[in-house]
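Encoded as structure tokens, the structure appears first; notes follow it.
The values are calculated or read from the model by the stated rules, or taken from the named source; none is laboratory data. All values derive from a computational prediction rather than experimental measurement. We place every Cβ from the backbone using ideal geometry, glycine too, and count neighbours over all the protein chains shown. Each accessible area value is taken on the protein alone, full model and side chains, heavy atoms only, with ligands, DNA and RNA left out. Shrake-Rupley method; radii C 1.70, N 1.55, O 1.52, S 1.80 Å.
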Amino acid sequence: MNPCRILFFCMLASLCLRSGGAWAQVVTEYSVGITAGSFPTRIATGPDGNLWFTEAGSGGGGSGGGIGRITPLGVVTEFKAGVIPGFSAGAQPWAITAGPDGNLWYTDINLSRIGRITPAGVVTEFNIGLSNGAQLFGITAGPDGNVWFTDSNFVQIGTITPAGVITERGAGITGGGLRDITTGADGNLWFTEFFGNKIGRITTTGVVTEFDASFNSAAGPFGITAGPDGNLWFTEAGASSSPPFIGRITTAGVVTEFVLPTIGVVPTGITVGTDGNLWFAEQAGDAIGRITTTGVVTEFTAGITRPGAAPFGITAGPDGNLWFTEITGNRIGSITTGALDDFIFVDGFDGA
């Protein structure tokens, strides 16, 4: 082996935190190109290999929020409401997801609309079929080729086809404060009820089943994602004065809760990493958390500008890292998983 390559591996080994092929997590924050006061909120990986995020703030007194795009190298482009044709002034995009049609779809919490933005930045808004005054939060691509979303105000689950046809469903939902929604391994949609303290399941034909999420009535289920183990994993953001939990619910409705080590961190967004673990944002803790499918929790703060970053949304990026929004820090961050795959070995070190 090339002696230079041996030295390179030795230098990497000095970063190793423990045996078994795990390496130190590295956080990078990006702020250049993000307008002050934009409040980056949720984030998703787009079909173009970039990260797309919502901006719920007005961006320094502008005419509304916007949608941001950031490359894996950190180059930001913003598409602002009231500036981009078809993007109404006063819009406040909240959640965002990659759709089945190669575009990004988002909820508008202020104007009660569903928006679509192409990778080229062309915006189309839809509201025909929505209840007047709907408060739209979570959004995800469904297994039926449609996009599904939650309406907190009218306690409904909605669908929109790629052509823009909206259908609302409310029967069977008894809780309140609908938040995030995701597709489960069972082919159903699963959603959180923040005020109802429940996890809901809805089939693609609209049949709803609800499950109690926690023994703590103030748990406040918030983010939810399909785990690598076939279960659904969710955050509990409501218990600000007591130990918070990450919850797991099987597709049969059996709930298990895992306590977080730090009180008052307010876990919000949650996603699956390329390392097979669950990663979540801690808004009040200014941290990123990781939980294994067996319930082992680790929290990371190094590299996050504190206090006041407020990590909120999180997703797995095309580069193998986790990408997150800092809603009050007005930044986008990335964190490596600590796996060997996070490190790129350049050709200059190859050789006999």
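Checked against (1) outside any loop (DSSP other than H, G, I, E, B); (2) open to solvent by 40 Å² or more (accessible area, probe 1.4 Å); (3) not hydroxyl-bearing (Ser, Thr, Tyr), Trp105 passes all but a single condition, namely (2). Output the number of residues of the stretch 108-134 satisfying the condition of being assigned to a loop (DSSP other than H, G, I, E, B) and at negative phi. Within the stretch 108-134, residues that are assigned to a loop (DSSP other than H, G, I, E, B) and at negative phi number 13.
For the stretch 60-86, name all the residues that are at pLDDT 95 or above, outside any strand (DSSP E or B) and either on the phi > 0 side of the Ramachandran plot or of a type in the set (Phe, Trp, Tyr) (or both). Of everything in the stretch 60-86, just one residue is at pLDDT 95 or above, outside any strand (DSSP E or B) and either on the phi > 0 side of the Ramachandran plot or of a type in the set (Phe, Trp, Tyr) (or both), namely Gly74. Any chance the stretch 104-124 includes a residue that's under 17 Å from Asn330 (Cα atoms), out of contact with any helix residue (DSSP H, G or I) (no Cβ under 8 Å at 6 or more places or on another chain) and of a type in the set (S, T, N, Q)? No: zero hits.
Please go through the stretch 249-265 and pick out each residue that is open to solvent by 30 Å² or more (accessible area, probe 1.4 Å) and of a type outside the set (Gly, Ala, Ser). Hits for the stretch 249-265 are Thr250, Thr251, Val254, Val255, Thr256, Glu257, Phe258, Val259, Pro261, Thr262, Ile263. If only residues of the stretch 230-247 that are open to solvent by 20 Å² or more (accessible area, probe 1.4 Å) and either free of Cβ contacts under 8 Å to residues at least 40 places away in the same chain or among the polar types (S, T, N, Q) (or both) are counted, the one that is nearest to Thr209 (Cα to Cα) is Asn231.
The single residue among Ile314, Ile332, Ile327 that is under 12 Å from Val27 (Cβ atoms), at pLDDT 95 or above, within 16 Å of the chain's Cα centre (by Cα) and crowded, with 23+ Cβ neighbours inside 10 Å turns out to be Ile332.
Yes/no per residue for (1) surrounded by 15 or more Cβ atoms within 10 Å (Cβ to Cβ); (2) under 18 Å from Thr140 (Cβ atoms); (3) of a type in the set (Asp, Glu):
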{"site": "Ala171", "(1), (2), (3)": "no, no, no"}
{"site": "Thr174", "(1), (2), (3)": "no, no, no"}
{"site": "Ile181", "(1), (2), (3)": "yes, yes, no"}
{"site": "Ile202", "(1), (2), (3)": "yes, yes, no"}
{"site": "Asn216", "(1), (2), (3)": "yes, no, no"}
{"site": "Phe222", "(1), (2), (3)": "yes, yes, no"}
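Within the stretch 183-193, the set of residues being in contact with a Gly (Cβ under 6 Å, 6 or more places away or on another chain) and open to solvent by 50 Å² or more (accessible area, probe 1.4 Å) comprises just one member, Ala185.
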